[in-house]
Structure formats: C-alpha cells, structure tokens
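Here's the structure, in structure tokens; my notes come after.
The values are calculated or read from the model by the stated rules, or taken from the named source; none is laboratory data. If you're wondering where the values come from, they're calculated on a predicted model, not measured in any experiment. Here the Cβ positions follow ideal geometry from the backbone for every residue, glycine too, while neighbour counts run over all protein chains shown.
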Amino acid sequence: MNFPVNKIKTAIIGASGYTGMELLRILLSHPSVELTAVTSRTEAGKRLDEVFPRFAKANAAQLKFSLPDPDAIAASGATVAFLALPHGIAAEIATALLERQIKVIDLSADFRLRSAAVYEEFYKHPHPATELLCEAVYGLPEIHGASIQSARLIASPGCYPTSIILPLIPLLKAKLIDPSTIVANSMSGVSGAGRKADVSLLFCECNESARAYGVPKHRHLSEIEQELSIAAGEPVTISFIPHLIPVNSGIVTTTTVKLAHGVGADQITAVLESAYGTQPFIRLLGQGKPADTKMVTRTNFIDIGFEIDTRTNRLILMSAEDNLGKGAGGQAVQSFNLMHDLQPTTGLDSW
C-alpha cells in the first residue's frame, strides 16, 4: 500500500456535531486527505476555527462551513464524503452524492440494515432509499474488509453494535456459544446522544447519575441481531440494555452467553486470537482482564477481555471503546483507508 501522490479530496457533511468534530480531528492531520468541504446548517458561513478554536492552527482552519448542497460539494472536487447526519436525512444526501460519482461513508443508520421492513419497524418511518440497501456494505473493517475496499457506499456501524458484535462473531461462527442466551449490557458516555439541546442530557441530569434507557427495544438491536444472525447462520435474538453514564465519551459492554458443552477458556482464546490477533485496532486482553474505557478513549482501539463463570456455564465478554472513535469517526476513517488502498492505521495511529 502506498500514499497517493495527490491527496484525496474529502468532504464532511454534518461537521459541527460530536462525530463531525471527531472526524475533523482525525482528517485534519490525515496525511492523505485534503478537506475541500465541511457542511453545517447551523454554522454555515463561519470559518472552521470560529466554530472550533481548537483547530485554529490546522491547514484548513479558514475553510468555511457551507450548506449541504450536493452540487457545491461536487464542485469542491470531493471524491468521497463522510455523512455525520441524523437517520432519515442522510439517505437523501447520500443518494445525491452517489449520483455525482462521490463515494459515501455514512455514519447514520440509514444503510446499515438489509431489510426496509426492519428499518421501518425500528426507525418508525419508511426507508427513503430502498434501492441502495442491497449495495451498501456494513462498515466493520475486521469482518467486511474485502467488501469495503471495493464499495462506493459504506454504512458505518453504530457505537453499541461495534462493542457487542466484534467479541461475539468469531465465537458464533465457531459454534462455541448458544446464540439463544445472549444478554448485552452497555454503558455509554453522554456524547453518544449527539450534540443537541435535550433536558435529559443536561449536566445536572447526567452528572452523578446512571440510568438505563431505550429498553427493551433500542434501535441498535436491529443491526446487532442482523449481523449476529449472519455469523450464526440462524436467526439470533438478544436482550440489550443500554445505560447512560456521567462521562463525556466511552462505551463499556458486558455480554453474557451460555457456552456450548465442553467449551473452555483455551478454545475461546484460540478463536479470538485466530480472528483478531493481527488486527491493528483490536487488543485482546485475555482471560480475567476486564476492559476499561480509560484505556481506549481518544483512540480507535477496542479492548476485549473475557471470563468464564463455571457456576452458570456462562461466558462473560468485556469490551471497551470510544463511542466517537472506534464507535463512529475512527472506524469510518478505517474504512476510508481500506477504500483508498492505504494502511488501515493511517491517520489513526495514536495512543
């Protein structure tokens, strides 16, 4: 893999939210990227360094936010665009950009599901671009890397699904666990809810407090069960309980599942090592080592540990990631690197 002679002209659509800001943080120092367009309906006309003073010394600090006009984005020379937009809105922009021969990495939920009916069930409105569902590639690089390389539309996974799916997929494929017994408990920082005015997300509501929400049918269940079902070769239904915790960012997930008869720690270790031992952004902690959000925030790593409860014959999988990094912006850039034949770690190799 080699760096291109000319930098890849790139746009960020919806660049003023938390995920957009994370994409800016990564892409402004990415050696193969030239930002040519950043859009925001609320910040249109303002310079990048006005909205985010932290980027004042960046090469693109004078770039102005614009409205998300597909023709203007195409005129900027962008050949690829990251979409950090709400579901339902992203699909319309994605369709217009694809028509203009601009590749799309979408961080919304609009193209993560293969079924329009499931999308409508979980997101409460008809899918706005059903013709693209069969083309979109689920952007989990460690699982779908080969398909990502040749794709023009990437559906980047949700933050919770990444923390649940990655530990489970190799074990489901190897038939080491009972897919009917999966229970996932996740805790997320407040930035996971987005940068918006919401009473439930105010400091005094979240600080020194923790609570479950979205129970029993959080929207991310749809893509979690889709990907786990593909891995297991049969329909998989799980229990998923997300929680909000008083930290800015980070997700920690504890997933429990019954082991198949006779399966022990050595087999779990061997299967995870075989699947992920050479993956640059998955750190396998091994048995008896819980994952800690403090070790992954501001990075693109996901840490995975496990333990076995011999009393109940249940496997306890423990994972941690940054919901804005591996759970959003960082993972999207990882896919960008694959699409452009770059090293997967390019622009992401930070500790």
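Side notes on the structure shown:
- Any hit, segment 215-226, residues being without any contact (Cβ under 8 Å) to a residue 40 or more places away in the chain, β-branched (Val, Ile, Thr) and not in a helix (DSSP H, G or I): yes
- Odd one out for GLY286, checked against (1) closer than 17 Å to LEU176 by Cβ; (2) surrounded by 21 or more Cβ atoms within 10 Å (Cβ to Cβ): (2)
- Pairing residues of segment 271-300 that are at negative phi with residues that are assigned to a strand (DSSP E or B) and charged (D, E, K, R), at Cβ distances under 7 Å and at least 6 apart in sequence or on separate chains, gives ARG283/ASP303; LEU285/ASP303; GLN287/GLU307; ALA291/ASP303; MET295/ASP303; VAL296/ASP303; VAL296/GLU321.
- Sub-6 Å Cβ pairs linking a first residue in segment 243-261 that is under 15 Å from ALA210 (Cα atoms) to a second residue that is at pLDDT 95 or above and of a type in the set (Val, Ile, Thr), at least 6 apart or interchain, are SER249/THR297; GLY250/THR293; GLY250/THR297; VAL252/THR293; THR253/ILE164, ordered by first then second residue.
- Some residue of segment 302-312 being crowded, with 20+ Cβ neighbours inside 10 Å, touching a residue at least 12 places away in the same chain (Cβ under 8 Å) and not in a strand (DSSP E or B): no
- Applying the condition of being of a type in the set (A, V, I, L, M) and at pLDDT below 95 to segment 1-14 and asking which residue is surrounded by the fewest Cβ atoms within 10 Å (Cβ to Cβ) yields VAL5.
- Test: residue in segment 238-251 that is touching an Asp or Glu at 6+ places or on another chain (Cβ under 7 Å), within 23 Å of LEU113 (Cβ to Cβ) and β-branched (Val, Ile, Thr): yes
- Applying the criterion of being β-branched (Val, Ile, Thr) and under 20 Å from ALA116 (Cβ atoms) to the residues of segment 205-235, the residue that is surrounded by the most Cβ atoms within 10 Å (Cβ to Cβ) is ILE224.
- Subset of segment 5-35 [hydrophobic (A, V, I, L, M, F, W, C), in contact with a strand residue (DSSP E or B) (Cβ under 8 Å, 6 or more places away or on another chain) and not in a strand (DSSP E or B)]: ALA15, LEU23, LEU24, LEU27, LEU28
- Apart from one condition, GLU43 fits all of (1) without any contact (Cβ under 8 Å) to a residue 40 or more places away in the chain; (2) surrounded by 15 or more Cβ atoms within 10 Å (Cβ to Cβ); (3) outside any loop (DSSP other than H, G, I, E, B); the exception is (3).
- Residue count for segment 125-147, restricted to those that are among the aliphatic types (A, V, I, L, M), in a helix (DSSP H, G or I) and either in contact with a strand residue (DSSP E or B) (Cβ under 8 Å, 6 or more places away or on another chain) or buried (at least 24 other Cβ atoms within 10 Å of the Cβ) (or both): 1
- Residue check for THR181: farther than 27 Å from GLN267 by Cβ, surrounded by fewer than 18 Cβ atoms within 10 Å (Cβ to Cβ) and not charged (D, E, K, R): no
- The lone exception for VAL137 - which of (1) in contact with a Pro (Cβ under 8 Å, 6 or more places away or on another chain); (2) hydrophobic (A, V, I, L, M, F, W, C); (3) free of Cβ contacts under 8 Å to residues at least 40 places away in the same chain it fails: (1)
- Matching residues, segment 256-281, being hydrophobic (A, V, I, L, M, F, W, C), under 16 Å from THR181 (Cβ atoms) and assigned to a loop (DSSP other than H, G, I, E, B): ALA260, VAL263
- Of all residues in segment 72-94, those that are closer than 18 Å to ALA328 by Cβ have Cβ atoms under 6 Å from Cβ atoms of residues that are hydroxyl-bearing (Ser, Thr, Tyr) and outside any strand (DSSP E or B), 6 or more apart or on another chain, in ALA84/THR19; LEU85/SER108; HIS87/SER108; HIS87/TYR123; ALA90/SER108.
- For the criterion of being buried (at least 16 other Cβ atoms within 10 Å of the Cβ) and either acidic (Asp, Glu) or within 20 Å of the chain's Cα centre (by Cα) (or both), SER150 fails.
- Within segment 153-171, the set of residues being surrounded by fewer than 24 Cβ atoms within 10 Å (Cβ to Cβ) and assigned by TED's automatic domain parsing to the domain that holds ILE238 comprises ILE169, PRO170.
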